[in-house]
Amino acid sequence: MMLQKIRDKAERVILGLNSGTSADGMDAALVKFRGAGIESEIELICHETFPYPDSLRLRLLKDMGPSSAGAAELCLISSYLGELFAFSAKSLCKKNSFPLEDVDAIALHGQTIYHHPVPFAFPGFPVTGTVQIGNPALVAERTGKIVVSDFRSRDMAAGGQGAPLVSYLDYVLFNNRARGRILLNIGGVANVTGVPAGATPDKVIAFDTGPGNALIDAAISHFSEGKKSFDEGGILARQGKVYDDLLGALVRHPYFQKQPPKSLDKETFGKAFFAKLIKDNPGLTSANTVATMTQFTIRTIEMGIMEFLLQKDISYEEIIVSGGGAKNETIIDSLRKNFPRLSLNSADDYPIMGRAKEAALYAFLANETIMGNPGNLPSATGAKNPVILGSITPGTAAL
C-alpha cells in the first residue's frame, strides 16, 4: 500500500547512498523526481560526502576481493555500514533542513566487496555474482523508510554483467538531438557511455575501459607506507618518467581486446594485481611507478574511446568527465591533448554535479524500481532483456 502511495505522487524525493570502489567515504544525495524513464525530470536538492576514517577505509580495502574477508567479518561490517548509512541519511537531511519524513524512499547501493561478471563453471550451471554490503534492513529500521538495494543482481540474472548501470542515467541526463556526448567516469575503474546525437536508448554503448584510480592509489599507498591514499592533482605523476616496457606489457592484457558490453571487477586491476606487479618488477621507484600507472589509465581510456566509440561512424562533440580522476590534472591534460576535436568538460558544470552523480544514480534507479520500470540498458550491460532492478525492504511506516 505504501509503495502505491509513493507511485501515485506527482513528485518523489529519494535519498541515494553509495560508497565507491576507493572506499574513501560515503556519498549521499537527495534527489527529486517528476515522472520516470526517459521522460524523468531530475532535480538535485543537496549532496554530501561523509569521509571514512583511515582505519575503516583500510579495513574495507582489506575485505575486498575473492578471498579477503571471512563470513563473520562480512556479516558484522555489513551491519556496521548499515548503521553508518542510516546515520548519514539522517545527517544529510538535518544539515540541509530537509525533513526526513518528506523522503519517500532510500536507495542503498552500499559498498561493493566482490563483483564477478565472468561466468564461473560450477557443475551444471555457469554462474556470476556480486556482493554489496551495508545492511538494508538496518537502514529501513533506523529511518522508517522503504529501502531499495542490490541493484546489480537482477541484471546479472538476466545474463548481464551488472555494470555499467550509470549508462541509463547518462542517457536521460545527456541525450541531445544535435550533440553526441561521451560520458567518462574515472573512479577506481574507468567507464564510458557513448550517447550519439538523437540516439534511442538501445543505441547507447557503454563499458569499462580499464583501471581508473585504483592502481594509482595503490602505488601512492605502497610507496608512502599508507600515509597517503591518492596523487592529488596528478603532481607526482608529472614528476616521474614512464616505464615504457612495463606500460607496453600492461596494455596487452586480454581484457582490452574484448568487445563491449564488458565490465571489470575491481580486483582485475586491484591490490593483488599491483602486489604482483611490484614483486615481478623489483627496483621500481615511486614517481616513475605513479607516472606509469597514470599513463596506463590514460592509455586504456583512449584505446577504449578510439576503438569502440570513434570508429563507429558516429559523431561525438564532447567528453564529460566525472569521478575522482576528474581532479587529476595529469589525466585531464593528456585527454584534452589527445582528443583535440572534442571539447572536454567537467560533470561539475552540469545540474547533477560530478561528485553527486553515483548517489544520484541509485536514487534514479530506485525511482524506476518503485515505478515498476526496468533500470538497465541491455546494450550497455549485455543483459538479454530489460529488467526491474533491486530488492525492496519495507520501512516501518509500511507495516
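The values are calculated or read from the model by the stated rules, or taken from the named source; none is laboratory data. Since this is a predicted model, take the numbers as computed values, not measurements. Methodologically, a virtual Cβ is constructed for each residue, glycine included, from the backbone with ideal geometry; neighbour enumeration extends over all protein chains shown.
Worth pointing out:
Let's see how each residue does on (1) under 25 Å from the mean Cα position of the chain (by Cα); (2) surrounded by fewer than 21 Cβ atoms within 10 Å (Cβ to Cβ):
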position	(1), (2)
Tyr255	yes, yes
Lys258	yes, yes
Asp280	no, yes
Thr294	yes, no
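- Residue list for the stretch 176-190, filter: closer than 29 Å to Glu329 by Cβ, modelled with pLDDT under 95 and not aliphatic (A, V, I, L, M): Asn176, Arg179, Asn185, Gly187, Gly188
- Among the conditions (1) over 22 Å from Asn367 (Cβ atoms); (2) crowded, with 24+ Cβ neighbours inside 10 Å, Ala178 misses just one, which is (2).
- Filter result for the condition that a residue is at pLDDT below 95 and either β-branched (Val, Ile, Thr) or not assigned by TED's automatic domain parsing to the domain that holds Arg59 (or both), over Ala249, Ala275, Ala219, Ala237: Ala275
- Taking the stretch 77-92 as the range and being surrounded by fewer than 23 Cβ atoms within 10 Å (Cβ to Cβ) and within 23 Å of Leu44 (Cβ to Cβ) as the test, the residues that pass are Leu84, Phe87, Ser88, Lys90, Ser91.
- Residue pairs whose Cβ atoms lie under 7 Å apart, separated by 6 or more positions or on different chains, with the first residue in the stretch 183-206 and at positive phi and the second assigned to a loop (DSSP other than H, G, I, E, B), are Gly198/Arg177.
Let's see how each residue does on (1) touching a strand residue (DSSP E or B) at 6+ places or on another chain (Cβ under 9 Å); (2) more than 22 Å from His115 (Cα to Cα); (3) without any contact (Cβ under 8 Å) to a residue 24 or more places away in the chain:
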position: Phe223; (1), (2), (3): no, yes, no
position: Pro260; (1), (2), (3): yes, no, no
position: Lys266; (1), (2), (3): yes, no, no
position: Phe269; (1), (2), (3): yes, no, no
position: Ala272; (1), (2), (3): no, no, no
position: Leu284; (1), (2), (3): no, yes, no
position: Ala287; (1), (2), (3): no, yes, no
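- Check on Asn373, closer than 29 Å to Leu44 by Cβ and in the same structural domain as Val127 (by TED's automatic domain parsing): yes
- Considering residues of the stretch 54-72 that are surrounded by fewer than 16 Cβ atoms within 10 Å (Cβ to Cβ) and either out of contact with any Phe, Trp or Tyr (no Cβ under 7 Å at 6 or more places or on another chain) or not assigned by TED's automatic domain parsing to the domain that holds Thr130 (or both) only, the residue modelled with the lowest pLDDT: Ser67
- Residue satisfying condition, being at pLDDT below 95, among the small types (Gly, Ala, Ser) and within 22 Å of Ala107 (Cα to Cα), within set Gly354, Gly325: Gly354
- Among the residues of the stretch 147-200, those identified as aliphatic (A, V, I, L, M), part of a loop (DSSP other than H, G, I, E, B) and under 15 Å from the mean Cα position of the chain (by Cα) are Ala163, Leu165.
- Residues that are surrounded by fewer than 21 Cβ atoms within 10 Å (Cβ to Cβ), in a strand (DSSP E or B) and touching a residue at least 40 places away in the same chain (Cβ under 8 Å), drawn from the stretch 26-44: Ile42, Glu43, Leu44
- Residue within the stretch 17-25 that is closer than 19 Å to Ala360 by Cα, of a type in the set (D, E, K, R) and either surrounded by 19 or more Cβ atoms within 10 Å (Cβ to Cβ) or out of contact with any Leu (no Cβ under 6 Å at 6 or more places or on another chain) (or both) present: yes
- Test: residue in the stretch 307-322 that is within 25 Å of Leu17 (Cβ to Cβ), buried (at least 24 other Cβ atoms within 10 Å of the Cβ) and not β-branched (Val, Ile, Thr): yes
- Among the residues making up the stretch 264-308, those that are more than 30 Å from Thr128 (Cα to Cα) and not in a helix (DSSP H, G or I) are Asn281, Pro282, Gly283, Leu284, Thr285.
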